[in-house]
Amino acid sequence: MSKLKPFSLLSFSRQDLARFCLQIESEGLFEIDSGKPGPVVGILAHTHGNEPVGLAAIMGLLAENALADRLKVGKVLLIVNNLEAARRFYREAEGQTTTAAWRFVDQDMNRVPEVLAGESYELQRLRQVLPYYQSLTHVLDLHSTSAPSEPMLIQSENAPDLSFPGVSIQLQGIIACLRGKPLISLCKQAAGYVVECGSHENPESWRLAQAVSWHFLAELGLLDGPVVLSEQDLETYEIYQAVVFPNASYQLTKILESYEFLPQGMVLARGEGEPLVIKQDSYAIMPSPRLRPVHSGSEFLFLATRKERL
Ligand SMILES: [Zn+2]
């Protein structure tokens, strides 16, 4: 009987995360190997530099050898994906209300081109970690949102259904709407899961990321733990469109809240050109707390319909 509580969640301050991140050497990768055969599970942090949730999860798993002492089978790779953007974020972005400028160094690491050729920081980094991604059987990529939001799950097509504590909303169809492949698509063999854990710098999001990570490993059989298989129905939103403004003159007609209902016919945005009108009753997914994107030409929000519960 282990005296350790498998799912004890730790509270970190931003300074804790910053200190940890700025000390990471070499490849930004931590490998914990049970020495026994089993799944090879990747837990990925900071695909976006301004999203600390995954780093909190990694710190929780590494603290006092918590994971190493409990791992029964298989191997876990903890990877800080966009290490340089994260370092810049911790060095430079403290106290900033908008941190989108620290999302990446040269290009969005979560919009992967067909060929990883090029000298941007992110493409070099992807080439560096690609062999590790390709060794994974399961991958969990931890993200957060700029606006407060209920946690959300996105999973790859080949991924079996798993439950995640505190996550009651699933997004379908989003991968097809992205302007580029998501990073988890590089983990070719792996069943892929992305959890949007809440807003970027909310300590509750950081705790949720830890809970989700422990639970993921327990549910995949890598460690003993009180896997609470939730019976709750997932509320499912089917994303049908990413909103990309035609040019930099456009802005929303108002700030939107997460999951806000957008009736058919509503004018979503205006600019020099045709207004953007909502074509069918929809819900706003991952809106930003601003009227126009920081990075013009990026997906500013997503439009979804809600699936009726069975
Ligand atoms: Zn993200």
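Readers should treat all values here as calculations from the given coordinates under stated rules, not as data from a laboratory. A quick note: this is a predicted structure, and the numbers were derived from the prediction, not measured. In this analysis, Cβ positions are derived from the backbone assuming ideal geometry, glycine residues included, and neighbour counts consider all displayed protein chains.
Average projection, convex hull of the Cα set of the stretch 6-148: 9.2 square nanometres. The local environment of Ser185, defined by Cβ-Cβ distances under 14 Å, has a net charge of 0 under the rule Lys, Arg +1 and Asp, Glu -1.
Can you pull the Rg over Rh of the stretch 240-306, Cα-only, Kirkwood?
0.91
Computed extension length for Asp33-Met266: 78.5 nm, one decimal, from 0.36 nm per residue of separation with the Cα-Cα distance subtracted. For Gly198, the residues whose modelled amide H falls within less than 5 Å of its own, excluding neighbours fewer than 5 places apart on the same chain, are Thr145, Met152. Pairwise Cα distances in the stretch 39-99 exceed 15 Å in 55 percent of cases. Rounded to the nearest Hz, the phi-derived 3J(HN,Hα) couplings of the stretch 185-193 under the Karplus curve 6.51 cos²θ - 1.76 cosθ + 1.60 (θ = phi - 60°) are 5, 6, 8, 4, 7, 7, 6, x, 9, where x marks glycine and proline.
Its Cα gyration tensor gives the chain an equivalent ellipsoid; the semi-axes, largest first and in whole Å, are 32, 22, 18. Taking the C-alpha atoms only, the angle from helix 83-92 to the longest principal axis of the chain is near 70 degrees.
Using equal-weight Cα scatterers in the Debye expression, the normalised intensity of the stretch 63-134 in log10 at q = 0.12, 0.15 Å⁻¹ is -0.47, -0.68. Amide H contacts for Gly74 (H built 1.01 Å from N in the peptide plane; partners 5 or more residues away or on another chain; cut-off under 5 Å): Ser34, Lys36, Gly38.
Only Cα sites of the stretch 1-75 enter the Debye sum here, all with the same form factor; the resulting log10 I(q)/I(0) across q = 0.13, 0.20, 0.25 1/Å is -0.44, -0.98, -1.32, listed in q order. Computed from phi, the 3J(HN,Hα) profile of the stretch 70-75 under the Karplus parametrisation 6.51, -1.76, 1.60 (θ = phi - 60°) reads 10, 5, 8, 9, x, 9 Hz, with x in place of Gly and Pro.
If I model the stretch 164-310 as equal point scatterers sitting on the Cα atoms and use the Debye formula, what is log10 I(q)/I(0) at q = 0.09, 0.11, 0.17 Å⁻¹? Each listed q maps to, in turn, -0.36, -0.52, -1.10.
Here the stretch 97-142 and the stretch 28-83 have alpha carbon centers that stand 17 Å from each other. Within the chain, the longest run free of GluC sites (Glu not before Pro) that sit in a DSSP loop with at most 14 other Cβ atoms within 10 Å is 158-230.
Hull surface divided by four, with the convex hull built on the Cα atoms of the stretch 106-163: how many nm²?
Averaged projected area of the stretch 106-163's Cα convex hull equals 5.6 nm².
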